[in-house]
Amino acid sequence: MAFNICKWSGRGKFYTKILLLAMLWVFGVLTVMELRKMELDVPVPHLNSRFLLQKHFDPYTSATTERYDLDPSIDRRPSPSEEKLVEDIQQRMPNLPIVYWNKNKNKPMGFNKTCARFPSMFDLEFNNIYWQTLRTTNGTFQFFGAYMDNRANNRLGPTVRILGMIDRIEPTVKTFCHLWFDGKKEPVVVKTFEYKYIWYKKWGNYKQGIYQPYLIACVLPQGYKQKIPQSVSIVEQMCDNSTNNLRVIYNKPDVKKDFAVCVKGLDFLHEDLSVRLVEWIELLNILGADKIFFYELQIHPNITKVLNHYEKEGKVELTPLILAGGQPNAPSFQHLYLTKKTNHKRQNELIPYNDCFYKHMYQYKYIALLDIDEVIMPKTASNWKELMNIVLPKALKINKDERASYNVRNVYFLDDLIHNHGWFKEIPKYMHMLQHVYRTKNFTKPGQYVKCFHNTEKVLTLHNHFPLSCLGSGCTSYPIDVDDAQLHHYRADCVKTLKKSCEEFRKTSVMDTTIWKYKEPLIQRVSSTLRTLGFFNNEKESGKR
């Protein structure tokens, strides 16, 4: 009996353990089911349970505050086709004949495989993005652009002119032009006619090893004078395979417009002149500038915003620019270089000036080279066209030939010549030119620091202030009477070379409100543009208060 009781006692403990284990298992199953039920109640119906579990238990994700159905706005356009890519390159690099090359890339072009073959775009030697290089036994050439010149006054006849820089003065190396015409597989080869120096040696930098500005001429031979070449290469030996190839630019509409303005490379990386630039662009547009062509070295983001706005409106065209050869192009350092190396700066400026002139000489009757602090201001006429209608009869009365340029004398509107009036209350403070109506009484000397309307039928090479060489009867320039127009020059101080004269200028200042005849439309245009571009954000802030 005692044995049976012990036996049952052992069995009872065993069954008790089984029962407890069973109860624990049932409790565990119920717990898991309850947890699964909680997870499936998460209110994101379009996600599967596996993804929900992952999100719910991810300690780095806040499921209660973050939305997972948001779609970031990114550019989802497909990559461009090769044809579109070529078009984009052509737009960014107008001097590169990539469309012509792409059309003929699978054709054998040249005299043979080793003599004067048409170069692949991938074999060209580029320098600083936009320049192409030729290394010769007597100097290195840097090419920027090529242009067709078949103007009536060109005594050479139809000529391809190539703008660039050579690190030699009076280069003696003989070179050849490979002229490539559509439908012809071999180049037409002619000797380079001349290297036209775009500088005066008395101005300095007249030494070997410094890149000097030149305009090179390739005269079209008989049988090709009625045709326009697609591109041109310069080589040292007639049969050389070239490392350069420039698209020949020839923009010739049916009818010429009246006025365009060319602006040298803008160098304002840290200086925000955006608001003043808006006033200047709008004033020139009122005066009759059909388009303003800018070149960009380095500019403040606000200036970029302004120029992009006007480019969309068709009033402005912006071309990126860098310095040739080994000159600095890093931001800030480039500015320092141009500030310290004044003659280098002035020689480099001749490239965008002449490139702008040759690109647009068939589109406009007159091209003016202006800085963004200069305005050719008519005195009695309301715009430039009316001004030239006054000037031309006077000039032709003296000489029946049209002049190569018509120059306007310079007068300073210095920043500190405000006197005692303070600000003109009826004019916004941000209208710099409208607020600064005190100028020096005396003009700079005739022919000194002038700016011109350049006759596009007559000019060959241009300097900042006047033509350096001309077609036909030479560089004749008519001085526009100061009663008809004056060059308003808005500066903090006179140029350095006029330091002594500037003291005299300051002593005798006068009030000149000629610009005020444009006051109402100018204020309206500038204010509207600044508001559109978001320069008046403080208006919204003040409205909330």
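Here are a few things to note about the model shown:
- Debye, to nearest 20: dipole size of the stretch 222-369, +1 on Lys, Arg Cβ, -1 on Asp, Glu Cβ: 380 debye
- Residue pairs, from the table K196/K451; K84/K184; K252/K341; K359/K451, whose Cα atoms sit over 31 Å apart: K252/K341
- When the convex hull of its Cα atoms is projected in every direction, mean area for the stretch 437-545 (nm²): 11.3 nm²
- Sequence-ordered 3J(HN,Hα) estimates for the stretch 208-218 from the Karplus curve with 6.51, -1.76 and 1.60 and θ = phi - 60° stand at 5, x, 9, 5, 10, x, 9, 10, 9, 10, 10 Hz, glycine and proline given as x.
- Backbone amide hydrogens, once placed in the peptide plane, bring I299 within less than 5 Å of F268, excluding anything fewer than 5 places away on its chain.
- The stretch 378-450, Rg to Rh (Cα coordinates; Rh as Kirkwood inverse mean 1/r): 1.10
- Using the Cβ of Q230 as centre and a radius below 12 Å, the other residues enclosed give a net charge of +3, where K and R count +1 and D and E count -1.
- Solvent-accessible area per residue, Å², over the stretch 369-436 with all protein chains present [probe radius 1.4 Å]: 46 Å²
- Ordering N399, Y364, M377 by the projection of their Cα atoms onto the charge dipole of the stretch 344-469, which places +1 on the Cβ of Lys and Arg and -1 on the Cβ of Asp and Glu, puts N399 at the extreme positive end.
- Those trypsin sites (Lys or Arg not before Pro) in the stretch 360-452 that DSSP places in a loop and that have at most 11 other beta carbons within 10 Å: K400, K425, K429
- Spacing of the modelled spin labels on K379 and D123, each 7 Å from Cα toward Cβ, amounts to 6.2 nm.
- For the stretch 308-314, Karplus couplings with θ = phi - 60° (6.51, -1.76, 1.60), whole Hz, Gly/Pro x: 4, 4, 6, 5, 5, 7, x
- Karplus 3J(HN,Hα) series, Hz, for the stretch 249-254 with 6.51 cos²θ - 1.76 cosθ + 1.60 (x for Gly, Pro): 7, 8, 9, 10, x, 5
- Per atom type, the stretch 374-443 shows carbon and sulfur on 50% of its accessible surface, probed at 1.4 Å.
- Surface per residue (accessible, 1.4 Å probe) for the stretch 97-137, Å²: 58 Å²
- Computed over the stretch 144-218, the alpha-carbon pair-distance distribution with 5 angstrom bins reads 3, 14, 21, 22, 18, 12, 6, 2, 1, 0, each value a whole percent.
- Amide H contacts under 5 Å for D512: Y438, R439, restricted to partners 5 or more places along the chain or on a different chain, H placed in the peptide plane at 1.01 Å from N.
- Dipole magnitude (debye, nearest 20) for the stretch 148-300, charges at Cβ of Lys, Arg, Asp, Glu: 820 debye
- Percent of Cα-Cα distances greater than 20 Å, calculated over the stretch 298-398: 59 percent
- Given their separation in residues at 0.36 nm each and the Cα-Cα distance between them, T342 and I398 gain 16.3 nm when the chain is fully extended.
- Under 5 Å, built H, 5+ apart or other chain: amide partners of T192: T175, F176, C177
- GluC sites (Glu not before Pro) restricted to DSSP loop in the stretch 500-539 with at most 16 other C-beta within 10 Å: none
- Positive dipole terminus of the stretch 252-305, leading residue within I299, A260, W280 (C-beta point charges): A260
The values are calculated or read from the model by the stated rules, or taken from the named source; none is laboratory data. What you see is a predicted model; the values in this text were computed from it and never measured. Counting neighbours? That spans all protein chains shown, and the Cβs are built from the backbone with ideal geometry, glycine included. All accessible areas refer to the heavy atoms of the entire protein, side chains included, with ligands and DNA or RNA removed. Shrake-Rupley method; radii C 1.70, N 1.55, O 1.52, S 1.80 Å.
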